[in-house]
C-alpha cells in the first residue's frame, strides 16, 4: 500500500478527510513557518518582561529597552502571520484575542489593581485590556517599573500571547477542502489588503488632513512608532500569499491555466511592492501613492483573480447591502 | 429572450425622451438627485441633474475615501452621506442651498471601537442625528445619538440586535424610531464576509427617541431573511429584504418585501423569482417599489400584492419626485407614473450607482 493511501485511510478512520494539496501547501509553506516564528517571538516576551520586573534600578532602563525590542519582534511576526487572517488565525479569532484595538487604559489600570495570578484570573479581564496593544501601552505610554503590579500584569499579558501563539501553531485549518479554503484565502487576502490600505495607512492621513486645526496622523502602533514595521510585515504576508510557493494565488491561477491573470497579479504586486518599500510615517504623499497602488491591486484581485479562481468575494465592494 | 413587458418598456424608452424631459422639468425646475457612485476606482457622492432637455448630467461631485451608502437631506439644506458598512466616516456637504451650491464640507470620523452601518436619520429640527452603528468588540447594534451641528456623539442606545442598517421615524407611534436589525453576524476581522449564518437574527425594533427604550420588537418566521431598507406608505411600513439562505435556489425564490402594520410583520410573495435581494425601497401608488438589481428590474407591489417587474439593468436607487418614481440603473434612468402608461427612460452618465439616491 502506498504511504499516501495509507495516510488517507488513517485520516478517514480518524473521522477526518485528508487536507487537499492546496491547503497542505499553504500550511506547509506559509502558515506553519509563520506560526513558528510567532511562537518563538511571542515566547521570548515572557522572560524579557520577567527580567524587567526583577531588574535593579540600575538595570531597569536597559531591561525596558530589551523588553520593547522583544515586543517589536513579536509584533512583526504576528503581523506577518495575521496579515492575511486565514485558518487558525481566523477560526480562533486570534486578532480579537490578542490584537484588539483600541486598547483601553482604564481597563488596563483596573486589571492591574485586580492583580491576576494566572490564566483563570485573566479570563475575567476584557480583551481591550490585553494582547499586544495593551502591552504596547504598558511598555511605552506608561512604562512599567520593576517590582510593581503593573509589571506583573504585563507578564500575565505576555503569557496569554505566548499561549495563543502555541495554540495557533498547533492548530490546522478547519477546512480541508481546497475549494473552500481557496475561497477563504482570496476573501481574507482582499480583507487584508484593505486593512493595510485604509485603517492602516490612508484613513489616519485623511483624518489628520480634515481635522481643524490640522493634526498629526494617528497611525496604528503609535506609541511604539512601529507603524512602518507593521506595514512592512502585513505587506510581506500579502505579497507572500499572492506570489510565493504552491500555496499562493499565483500558483492557484497557474494550476487552472489562468496564466494571463497570474501575470497581471504578479505585475500589480510588483508595482505595490515598489510603492511600499521603505515607507515612513512622515511621507504623506508617498503613503497616499502606496495606498492607491494597494487599491489598484485589490481591484484587480476582485475583478480578475477571484473570478478566474471561481471565488465569490463576500468582502468585496460588489456585494449587496 | 426579453419578456413582452420588458420589450415594451424598451420600446417606450426609445420614444420617451421628450416625456422624460417634461417629467423632470416640472414647473421649470430640473430634477436634482443626490447619489453615490463609483467611477473607475474612485468613489464619489454628488448631484445628478435631469434637465429640461431630458439629459442627465453630473452637476456636482465630491471624492469620498470609501464607498458611500445612505444619503440624507438635512433639515438645514445640506446633504449627509454615510460610509458603507463597516464604515468610518460621515460627510456633511453644502449649506442651505444644498450640496454642490456652495457651503462647507464637514467630515466626522467614527469613534474608536465603532463602525457606521450605512444609514442615518435626522430630527425634524436638525438638532439631533441618529446613526446606525456597530460595536466592534461585541458586534452589537447601536444607535449613535449625535449633535446635528457638530456631529459629535452624545449617547449610544442598543438596537437589541446585530447588524443594524436603516432607521426611520415611526409614522404610527410619534416620537419613536423604527430600526431594521439586518441580523447578519459579521466580525471586524472578516469585514463584510458573512459567517455563522445559523446565528442570524434579524428584527425590527421600535425605540423611544427620547432615551432609546425598547418599545417593541418583531421578527419574520424565516430567520434567513435580513430586514434592511425601510419606507412608509401611509400607515404601512415596507421593508426591503436580503435573503441569506445557504442554498442558491432558496435565495433566488425568496421574497424581497415585508410589510409592517404596527402589529406584525409578514412577507409578500411574488409569482416570479426576484433573486432574493431588494437593494432599496420607495412608496409607490398604494404599495411599494423595490430596486432588485439581481432580478434586473424594479419590482412593483400594489396594495394587493405583486404587480410587475419593470426591466432595468442593475436597478437599485429609487426616489419619488415630481409625481413619479425615479429608478437608476446601469447607464439608464427610468421614470414611472403611478397612473396608467409605460415607464419612460433616459440615459445617465456611465457611472456605477450605489443603492440609493434621493431627490433634492
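When you restrict to C-alpha pairs under 8 Å that are six or more residues apart and normalise by the size of chain B, the relative contact order lands at 13 percent. Highest mobility in the GNM of chain A, judged by mean-square fluctuation with C-alpha springs under 10 Å and restricted to A:114, A:215, A:275, is found for A:215. With neighbour counts taken as other beta-carbon atoms within 10 Å, the residues A:311, A:212, A:301 rank, fewest first, as A:212, A:311, A:301. Under a GNM of chain B (C-alpha, springs under 10 Å), which listed residue has the highest mean-square fluctuation: B:111, B:49, B:152? Residue with maximal mean-square fluctuation among B:111, B:49, B:152: B:111. At an R0 of 30 angstrom, the distance between the Cβ atoms of residue B:111 and residue A:61 translates into a FRET efficiency of 0.25. Using equal-weight Cα scatterers in the Debye expression, the normalised intensity of chain B in log10 at q = 0.14 Å⁻¹ is -1.19. With angles folded into 0 to 90 degrees, how steeply does helix A:284-300 sit against the dominant principal axis of chain A? Use alpha carbons for both and round to 10. For helix A:284-300, the angle is close to 40 degrees. Classification of region A:125-239 by its C-alpha gyration tensor yields an oblate form. The axis ratio a/c (a ≥ b ≥ c) is 1.5 or more, and b/c is at least a/b. One Cα centroid belongs to region A:29-103, the other to region A:116-142; the line between them spans 13 Å.
In terms of its C-alpha gyration tensor, region B:197-263 comes out oblate, because a/c is 1.5 or above while a/b does not outweigh b/c. With the Cα gyration tensor of the protein assembly as shown giving a ≥ b ≥ c as the square roots of its eigenvalues, does the rule (a/c under 1.5 for rounded; else a/b larger than b/c for prolate; else oblate) give rounded, prolate or oblate? Prolate. With each label modelled as a point 7 angstrom along the Cα→C-beta vector, the residue B:350-residue B:147 pair spans 4.7 nm. Considering only C-alpha atoms, what is the centroid distance from region A:251-289 to region B:124-171, in Å? The two parts, judged by their Cα centres, are 38 Å apart. Over all Cα pairs of region B:57-172, how is the pair count split among 10 Å bins, expressed in % and running from 0 up to the last occupied bin? Histogramming region B:57-172 at 10 Å steps yields 14, 48, 30, 7, 0 percent.
Summarising the overall dimensions of chain A from its C-alpha atoms, the Rg and Dmax are 21.2, 74 angstrom.
When only Cα pairs below 8 angstrom with a gap of at least 6 residues are kept, chain A shows a relative contact order of 22 percent. Label-to-label distance, residue B:172 versus residue A:142, with points set 7 angstrom from Cα along the beta-carbon direction: 5.0 nm.
GNM on chain A, alpha-carbon springs under 10 angstrom: the most fluctuating residue among A:213, A:133, A:307 is A:213. With a simple spin-label model that places each label point 7 Å from the Cα along the Cα-to-Cβ direction, the separation between residue A:259 and residue B:29 comes to 6.2 nm.
Here residue B:197 and residue B:261 are evaluated by their C-beta separation; at R0 = 41 Å the FRET efficiency comes out at 0.90.
Per residue, the average separation of C-alpha pairs within less than 8 Å and at least 6 apart gives region B:201-360 a relative contact order of 13 percent.
Take the Cα of residue B:38, go 7 Å toward its beta carbon, and the backbone nitrogen atoms of region A:273-298 under 16 Å from that spot belong to A:292-298.
Any read-out appearing in this document is the output of simple, stated calculations on the displayed coordinates, not a laboratory observation. Everything quoted here is computed from the prediction, not taken from an experiment. Positions of Cβ are generated from backbone atoms using ideal geometry, with glycine treated the same way; all protein chains shown enter the neighbour counts.
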